[in-house]
1. Note the angle between two axes, namely the Cα long axis of helix 88-100 and the longest principal axis of the Cα atoms of the chain, as a number of degrees from 0 to 90, rounded to the nearest 10.
2. Please work out how much length the chain gains when fully extended from residue 424 to residue 353, using 0.36 nm per residue of separation minus the C-alpha to C-alpha distance, in nm with one decimal.
3. Kirkwood Rh over Cα pairs of region 166-322 into Stokes-Einstein at 37 °C, 0.692 mPa s: D in µm²/s?
4. With everything on Cα atoms, drop me the angle between helix 201-214 and the longest principal axis of the chain, reported from 0 to 90° to the nearest 10.
5. Find the centroid of the Cα atoms in region 378-429 and in region 70-110, then give the distance between the two in whole Å.
6. Can you give me the angle between helix 304-317 and the longest principal axis of the chain, using Cα atoms only, in degrees from 0 to 90, rounded to the nearest 10?
7. What is the packing order of peptides 450-460, 188-198, 413-423, taking the mean over residues of other C-beta atoms within 10 Å and listing the highest first?
8. With just the Cα atoms defining each centre, how far is region 201-217 from region 27-55? Give it in Å.
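Read the figures in this text as sums done on the coordinates, not as results from a lab. Since this is a predicted model, take the numbers as computed values, not measurements. Note that each Cβ is placed from the backbone with ideal geometry, even for glycine, and that neighbours are counted across all protein chains shown.
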C-alpha cells in the first residue's frame, strides 16, 4: 500500500530555469531512491512554484500523510480534488485521508466514488478495506460531522497561511471562521497570533483577553499572552504569567504539549521537561516540534543523555534538523559561549541599522539553536524591507538550494564561503571571530554589490583575518595567517591589497 502511494507517472522535463515541473520530477526520483527527506523538500518547492497543479498537490499530500501531518495532507488533497474532481487517484487518497481524520462519512463517500470510476483500479482492494472499516467504526464511534470538518479545514488553511508569512490572508480566513463559529476559541487564539505577527500587539492581546473572559482559564490564550510578554520583554507581566502557568495541571495531551512547548520557548526548561517528558512516558508519539522542545528542555535541565536520544528521534522525522542540536561536542559551557547561540546578540544583529550587521546576523542564524524560534516569529525578520543580498542570505540560512549556473548565486555562495572558511579556520565563533566576520561582511557587501567574483575564498578569508589583527596592532605575521589558511604569504599580500579597494572611503 505504501509503495503504491508513492508512485506517480514520470515526466520528461527540459527546462533551463527550475520550475514546478522540475522539482516535481526531482521529488519523484528521490522517492524512487527512498530519499524521503529530499523528496519532501523538492515537493514543497514544486508546490510553491505550481500551487494550482493537482498532481503536485496530491504528491505533497501523500508525503504529509506518511509523516502523519494529516490536517495539512487533507487540505492539500482536498485542494487537488477541487481542481481535478474526476481524477481517480485523488479521489481514493481523499477517501484515505478522510478516514485518518475520522471523517467517516467522507471516507465512505469517496471510497465508493473511486470504485465506481475504477472497476479494476490499483486501489480497489484498499477502497474495499476502507468501506469495511467504515462499517465497523460506524457501529462503535461517532463520525465527525460536516461542521467539524469545515472548522478543521478552515483552521488548517489559516495555519498554513501564517507559516508562509501571508498573515493578512490568514486574518481574513480566521475572521470568517469566527463569524461562522463564534465560540471556536482555537480560531481566536490563532487570530491573535496572526495580529501579533503583523505588529498589532494590542489587538492580539485584546482577542486573548476576550477568550479568557468567555472561556475562563483557556490555556492556549494564557500561553500566547506569556509568549507575547516574553518577546516584548515585559518582565513584570511575564513573571506573573509564568507563576500562573506553573500552577496549572493539564490533563489532556494537547494542553500538556502547549504548556511544555511554551515553557521551553521562554527558557523555563525544568518545568517544560516535566510536562513534555510525562507525555513521552505515556507513549505519546509527537511531531517534529514535540521532539525539538523535548530535547531542548531535557538538555538545558541537565538530562543530556535523554536529550541526545530524543534528538535521534527528531532526525528520523526531519533530517534537516541535523546540526541544530542544543549542544556542541557535549560541552554545555562551550555551547552557551558561542556567538551564534547568544540570543540577544543574534537578535540585535538581525535588527542592526547597517546592512552588513544584518548580514552577519543571518549568517549566524543558519547555525543557531534559536533558528526555529526566530524564523517562526516573523516580526524578528522584517523580510519586506530586505535588500536582495539580505534575501539571498536568509535563503542561505534556511539552506535553500542555489543554482550555481546563475552568476549572482554563484558569486553569493563564494561570498558566504569566505565567512565559512573563517569559521572553519578558527573552529568556533567566539566574540573575536564574530568581529572578524563583521569586518568581512562590511567589506564583502561592497564587493558583492560591485560585481566582484570572490574566486579565491581561502585567500580572502586569510586577508580579512590578517587585516583585522593588523588594525588592532596584534603581533601576528603574514606567514602565520597564510599557513593557517594554506596559502602563500605572497597570495595573502595580493588579496590584502584587493580588500583595501573595497574599504569605504570614509574608513580609509
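1. Its long axis makes an angle of about 90 degrees.
2. On the way: separation 71, 0.36 × 71 = 25.56 nm, distance 2.78 nm.
Working it through step by step, the gained length comes to 22.8 nm.
3. Values: Rh = 16.6 Å.
Translational D for this selection: 198 µm²/s.
4. Relative to the chain, helix 201-214 is tipped by roughly 30 degrees.
5. 39
6. Helix 304-317 sits roughly 70 degrees off the main axis of the chain.
7. Values: 450-460: 16.9, 188-198: 22.8, 413-423: 20.6.
Highest-to-lowest ranking by the protection proxy: 188-198, 413-423, 450-460.
8. That distance is 40 Å.
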